[in-house]
Amino acid sequence: MYTFTGQRLFVPFILVILLIQFKKQIAANFKFVILAFIVFGFLLWPLYKFATQTLEGRLRFEEVTIFRDLDPVNQSISYRQKDNFAWYSDIIHNRRLQYAYQYLIHYFDAFNPSFLFASGDVNPRLSIQEVGELYLIDLPLILVGIYFLFSKKQKYRFLIIAWLLVSPLGPATARETPHALRMIHILPTFQLIAAFGLYLLYKHIQYKKLLMAFTFTFLILNFLFYLHMYYFHWPKNYSGEWQYGYKQVVEKVNALDSDVSSVVVTKKYGRPYIYFLLYSKYDPQKFWQSASVTQDKFYFLDVSGFDKYFFSDNVDAANVSGKILYVSDASSIPGGAQVIETINSLNGQPIFVISKANAIR
């Protein structure tokens with residue numbers, strides 16, 4: 001529960017499932033279980049206080065949760081207005097039902113076949129986009145495994161299926177679904193079910209060698225395709241998602257900034273000050289003395305500038321004068337600035353444009 005926010009919502013559910021699955025063993029070792037819960041409560045207390053009684057602890061949940069989204073409320077008002085605010089409309093289009101509907105959509109997103117077997121997470125930093133979270137060969141094996149779990153009345157079928165079904169309960173409260181990172185605690189349920197399906201299929205099928213050859217071949221092909229996409233296509237197609245280009249920008253700026261009074265850098269791709277400090281090997285003591293620190297509406301800290309460097313969402317509107325070196329995206333080159341160099345991503349698309357304005361602004 002100390003590793004990631006999503007696990008705080010998962011652990012209570014899996015504990016209930018474990019209590020049900022192992023109720024006989026728990027009853028036989030009740031004193032040890034009580035002692036374990038006391039230790040657990042002791043370890044959990046600091047996290048509980050942080051998550052419930054501090055602004056920082058509640059911040060992330062409030063930032064990503066669907067229950068802070070006003071769209072369901074607006075939809076509720078719109079539908080009720082069309083019904084002239086009739087009494088039955090207040091029930092049918094109640095905002096709570098709208099939120100419940102959104103929650104169910106997000107819950108079942110976790111079992112979306114495209115997410116699981118085709119393209120994975122929509123975020124390129126969490127998926128290579130060409131392969132699902134599971135291999136295609138897993139699909140028939142999972143279906144066979146579920147069948148055998150129940151037809152054979154396997155001892156741990158409740159534990160595995162319940163683990164599978166409660167895993168999306170927490171992530172479904174977030175706006176972004178399906179989300180591979182927030183769903184990682186669902187592992188290894190799919191693998192256990194698929195392995196069980198293959199094992200029972202092997203025991204019952206007549207052509208055992210053919211089954212294993214077919215499964216092994218498909219698994220190898222799936223794996224090799226994944227490796228090919230991961231090493232040859234994904235780095236080129238999505239290098240910008242990993243802030244590629246900042247190192248090249250800093251190196252070029254460092255070679256040009258001696259004859260300018262200000263360097264203005266776009267914040268379009270994140271927090272650029274980090275990369276200028278890192279790749280310039282900037283003296284931390286000097287940074288602490290000159291940094292201009294800001295705080296956004298979510299109370300996250302950012303740096304709007306240090307030394308002669310300024311970071312802005314709109315580089316052309318930066319309040320600077322003298323000779324200026326700009327680092328912008330290709331669509332936001334300041335008027336009148338002379339383009340010096342363009343930094344491209346690995347797929348050849350322009351990310352940064354370095355330009356210079358000699359006129360006094």
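Values in this text are rule-based calculations from the coordinates and carry no lab data. It should be emphasised that the depicted structure is a prediction, and the values quoted were computed from it without experimental measurement. Here Cβ is always computed from backbone atoms with ideal geometry, including for glycine, and neighbour counts include all displayed protein chains.
Return the aspartates and glutamates within reach of K268: Cα separation strictly under 16 angstrom, same-chain partners fewer than 8 residues apart disregarded; answer none if there are no such residues.
The qualifying aspartates and glutamates are E241, D296, D302, D313, D316, D329.
Between V16 and R60, what's the calculated FRET efficiency when r is the beta-carbon distance and R0 is 22 Å? Round to 0.05. Show your work: numbers first, answer last.
Details: r = 24 Å, r/R0 = 1.11.
FRET efficiency, V16 to R60: 0.35.
Quick check: pseudo-label points 7 Å beyond the Cα along Cα→Cβ at F300 and A195, how many nm apart are they?
About 3.8 nm, to one decimal.
Considering only Cα-Cα distances, which of the following residue pairs are longer than 30 Å: K23/K153; K24/K49; K23/K208; K236/K286?
Where the Cα-Cα span goes over 30 Å, the pairs concerned are K24/K49; K23/K208; K236/K286.
What is the list of residues in the stretch 286-305 whose amide nitrogen lies under 19 Å from a point 7 angstrom out from the Cα of N123, following Cα to Cβ?
Only 298-301 pass the distance filter.
Length gain on complete extension for the stretch W87 to K247, per 0.36 nm per residue less the alpha carbon to alpha carbon distance?
Numbers: separation 160, 0.36 × 160 = 57.60 nm, distance 6.16 nm.
Full-extension gain reported as 51.4 nm.
Given [x] 37, 21, 20; [y] 48, 30, 24; [z] 52, 24, 18 as candidate values of semi-axes √(5λ) of the Cα gyration tensor in Å, which corresponds to the one derived from the coordinates?
Derived directly from the coordinates: [y].
Count neighbours as other Cβ atoms within 10 Å of each site's Cβ, and list the chymotrypsin sites (Phe, Trp or Tyr not before Pro) in the stretch 175-215 that are DSSP loop with at most 12 such neighbours. Walk me through the intermediate numbers first.
Details: sites: F190, F196, Y199, Y202, Y207, F214; in loops: Y207.
Loop-located and lightly packed - Y207.
Which value in nm describes the separation of the simple spin-label points at L47 and Q285, placed 7 Å from the Cα toward the beta carbon?
Here the modelled spin labels are 4.0 nm apart.
For the modelled label position 7 Å from the Cα of N314 along Cα-to-Cβ, which residues of the stretch 320-360 have backbone nitrogen atoms closer than 14 Å?
Once the point is set 7 Å along Cα→Cβ of N314, 320, 332-335 turn out to lie under 14 Å by backbone N, inside the stretch 320-360.
Using DSSP to define loop residues, name the chymotrypsin sites (Phe, Trp or Tyr not before Pro) in the stretch 63-108 whose beta-carbon has at most 14 other beta-carbon atoms within 10 Å.
On the way: sites: F67, Y79, F85, W87, Y88, Y99, Y101, Y103, Y107, F108; in loops: F85.
Filter output for the stretch 63-108: F85.
Just grab the label-to-label distance for T217 and K152, each label 7 Å out from Cα along the Cβ direction, in nm (one decimal).
Taking the two extended label points, one gets 2.6 nm.
With +1 assigned to the C-beta of every Lys and Arg and -1 to the C-beta of every Asp and Glu, and no other charges, what is the dipole magnitude of the stretch 110-237 about the Cα centre in debye, to the nearest 20? Provide the component values of the computation, followed by the final result.
Values: 11 positive and 5 negative charges, 108 e Å.
That gives the stretch 110-237 a dipole magnitude of about 520 debye.
Can you give the calculated 222 nm mean residue ellipticity of the chain, where each DSSP H run of n ≥ 4 adds -39,500 (n - 2.57) and the sum is split over every residue, rounded to the nearest 500 deg cm²/dmol? Each step should come with its number before you reach the end.
Values: 15 runs with 181 residues, N = 361.
Theoretical 222 nm ellipticity from helices: -15500 deg cm²/dmol.
For a protection proxy built on the mean count of beta-carbon atoms within 10 angstrom, sort 116-126, 285-295, 216-226 highest first, please.
On the way: 116-126: 16.7, 285-295: 11.6, 216-226: 13.3.
Averaged packing, sorted descending, gives the order 116-126, 216-226, 285-295.
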